[in-house]
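First up is the structure itself, then whatever we jot down about it.
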Amino acid sequence: MPVRIVAGSRKGHTIQAPKGLATRPTSDRVREAAFNLIGPVDGASVLDLYAGSGAMGLEALSRGAARAVFVESDRDACRAIERNLEKLRLTGARVVCGDALAFLASESNAYDLVLVDPPYELTDHERLARYLPRVLADDGLLVLETAAKVEPGLPLALRTSRRYGSARLTLYEHP
């Protein structure tokens, strides 16, 4: 099933997802729901962790985000993100092909929008919880996608948590 950009300057364009089961692109429906909850992203700096196909960050760029950093450990997925950026002619993006937790441990920038979609079986939420507040701008928003049955807890203020089929979106902000 093709993955499409839902809204913005690249609305309707299809993007490539890496072949195989290593990545699970966020469905169009869940992405649209996420951005309805997020609201406008004009001029935002975005961090897309566990980026996979890059669908969430690409959506943010299409909707007017100024810059995005995509972090993904799978080399095929990194190449797919780079191809998608080129195909969509989106600028202001950087692809970091490496471990998300290692990136977080060394990152000194803060982002207006942090998109986190780790593999559902990832159990190291404690390390994520330690690093994520540091990379979230004071007035920023963090969106964590998990399996629907998981109710994550991060040391941030909960804005909302919604289920969409097998996925859950939980939005956080600084208290």
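Output the antiparallel fraction of DSSP beta bridges having both residues in the chain, as a percent to the nearest 5.
Numbers: 15 of 34 bridges.
Bridges in the chain that DSSP calls antiparallel: roughly 45 percent.
Mind giving me the FRET efficiency for residue 129 and residue 76? R0 is 25 Å, r the Cβ-Cβ distance, nearest 0.05 is fine. Each step should come with its number before you reach the end.
Numbers: r = 29 Å, r/R0 = 1.15.
Calculated value: 0.30.
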Hey, rough spin-label estimate for residue 42 and residue 86, points 7 angstrom out along Cα→Cβ, what's it come to in nanometres? 3.2
Scan (1) 18.5, 64; (2) 14.5, 40; (3) 17.6, 57 for the value of Rg and Dmax of the Cα atoms in Å calculated from this model and give just the label. (2)
Counting only C-alpha contacts under 8 Å and six or more residues apart, can you give the relative contact order of region 3-173 as a whole percent? 18
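Relative contact order, percent, of region 27-112 when contacts are C-alpha pairs under 8 Å separated by at least 6 residues? Intermediate values should be presented prior to the final figure.
Numbers: 122 pairs, mean separation 24.5, N = 86.
Dividing the mean separation by the residue count of region 27-112 yields 28 percent.
Working out 0.36 nm times the residue gap between residue 106 and residue 149, then minus their Cα-Cα distance, what length gain in nm do you get to one decimal?
Working: separation 43, 0.36 × 43 = 15.48 nm, distance 3.10 nm.
12.4 nm is the gain from fully extending residue 106 to residue 149.
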For the chain, set up a Gaussian network in which alpha carbons nearer than 10 Å are linked by springs, and say which option among 126, 145, 59 fluctuates the most. 126
If I build a Gaussian network model for the chain, linking alpha-carbon pairs within less than 10 angstrom, which residue out of 94, 79, 29 has the largest mean-square fluctuation? 29
Which log10 I(q)/I(0) values does region 103-175 give at q = 0.20, 0.24, 0.28 Å⁻¹ under the Debye formula, counting every alpha carbon as one identical point scatterer? -0.81, -1.14, -1.44
Among 102, 137, 80, which one shows the highest mean-square fluctuation when the chain is modelled as a Gaussian network with alpha-carbon springs under 10 Å? 102
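Every number here is computed from the coordinates shown, using simple stated rules; none is lab data. Note that the structure is predicted; figures quoted are calculated from it, not measured. Heads up, the Cβs are rebuilt from the backbone with ideal geometry, glycines too, and the neighbour counts pull from every protein chain shown.
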